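Asks: This is the structure I want to talk about, given as C-alpha cells.
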Amino acid sequence: MQLKPLARSLAVALSIVVIAGCSSTGGTQGGDAHGSQTGSTTGTGTSGTGQYGSTTGTGTGSGFGTGSGASAGQQADSRIPEVRTIHFDFDRDTIKSEYESVVMAHARYLRANPNSRVVLHGHTDERGTREYNMALGERRANAVQRFLNIQGVSPSQMSVVSYGEERPVASGQSESAYAQNRRVVFNY
C-alpha cells in the first residue's frame, strides 16, 4: 500500500508543474471566457494566467471575471467557476491538458467551500452502443472526480452521473457536433 501515497505525491507534483507552465503562457488568444456548453473544444480560454497565485493579468478565460492580483484569486474561491464544461477526445476518458486549469479552478472552489456539492455529468457522442456510451460517460466523469480528489476535494462533495449519448447539446452527425457532445459538465 505504499504505492498510493507515492502516486498521490507524483500527481500533486505533476499538477504543480502544469500550473507553473500555464502561468507563463501569457493567456489565450481570442478564447471564449464564458465556456458555453455549445462552443467548440478550441479557444475555450483555459489558460491559468492570473488565477493560481500569479499576480499578473486579468485571468482571461479563467471564468472568474476580470479581477487582477492575488486578491482576485481569493475572491474567485467564493464563486462557482463560470466554465463548467470540459470536452474529451473521441473514445477517450483522459482530461485534456487544456482543461486541467478549469478542473483546478473547480477544485479550488470546492476546497474553499466544503459545504458545496457537485454532480459530474458524463456525456458521449452518438457513436457506439448505448451500453458502451453509458460506461464511457461514467469513465469520463470518474476521471474528473479522481483529479478533484487528488487536488484535495472531499469525496463526499462529489457524485457522478452518466448520460452517455442521451443528452446531446449539439445535433447532427458532424465532427463538430460530436466534439461538443463528448463532455463532462459540473452541475452545482
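Asks: Using beta carbons and a limit of 7 Å, which pairs, at least six apart or on different chains, have the first residue in region 92-107 and closer than 12 Å to Ala143 by Cα and open to solvent by 10 Å² or more (accessible area, probe 1.4 Å) and the second one in a helix (DSSP H, G or I) and among the β-branched types (Val, Ile, Thr)?
Replies: Pairs that qualify, where the first residue is closer than 12 Å to Ala143 by Cα and open to solvent by 10 Å² or more (accessible area, probe 1.4 Å) and the partner is in a helix (DSSP H, G or I) and among the β-branched types (Val, Ile, Thr), are Ile95/Val103; Ile95/Val144; Glu100/Val18.
Asks: Take the residues of region 109-134 that are open to solvent by less than 40 Å² (accessible area, probe 1.4 Å) and assigned to a helix (DSSP H, G or I): which is nearest to Ser156 (Cα to Cα)?
Replies: Only one residue fits best here, namely Leu110.
Asks: Could you please let me know if Thr129 is among the polar types (S, T, N, Q) and in contact with a helix residue (DSSP H, G or I) (Cβ under 8 Å, 6 or more places away or on another chain)?
Replies: The answer is no for Thr129.
Asks: Of Ser176, Ser171, which residue is touching a helix residue (DSSP H, G or I) at 6+ places or on another chain (Cβ under 8 Å), surrounded by fewer than 19 Cβ atoms within 10 Å (Cβ to Cβ) and of a type in the set (Ser, Thr, Tyr)? Give the derivation first.
Replies: Working: Ser176 fails: touching a helix residue (DSSP H, G or I) at 6+ places or on another chain (Cβ under 8 Å).
Of Ser176, Ser171, the one residue that is touching a helix residue (DSSP H, G or I) at 6+ places or on another chain (Cβ under 8 Å), surrounded by fewer than 19 Cβ atoms within 10 Å (Cβ to Cβ) and of a type in the set (Ser, Thr, Tyr) is Ser171.
Asks: OK, next. Ala143 - would you say it is assigned to a helix (DSSP H, G or I) and surrounded by 14 or more Cβ atoms within 10 Å (Cβ to Cβ)?
Replies: Numbers: assigned to a helix (DSSP H, G or I): yes; surrounded by 14 or more Cβ atoms within 10 Å (Cβ to Cβ): yes.
Yes; evaluated as a whole, the condition is true for this residue.
The values are calculated or read from the model by the stated rules, or taken from the named source; none is laboratory data. Just so it is clear, the structure is predicted and the values come from calculations on it, not from any experiment. In this analysis, Cβ positions are derived from the backbone assuming ideal geometry, glycine residues included, and neighbour counts consider all displayed protein chains. Each accessible area value is taken on the protein alone, full model and side chains, heavy atoms only, with ligands, DNA and RNA left out. Shrake-Rupley method; radii C 1.70, N 1.55, O 1.52, S 1.80 Å.
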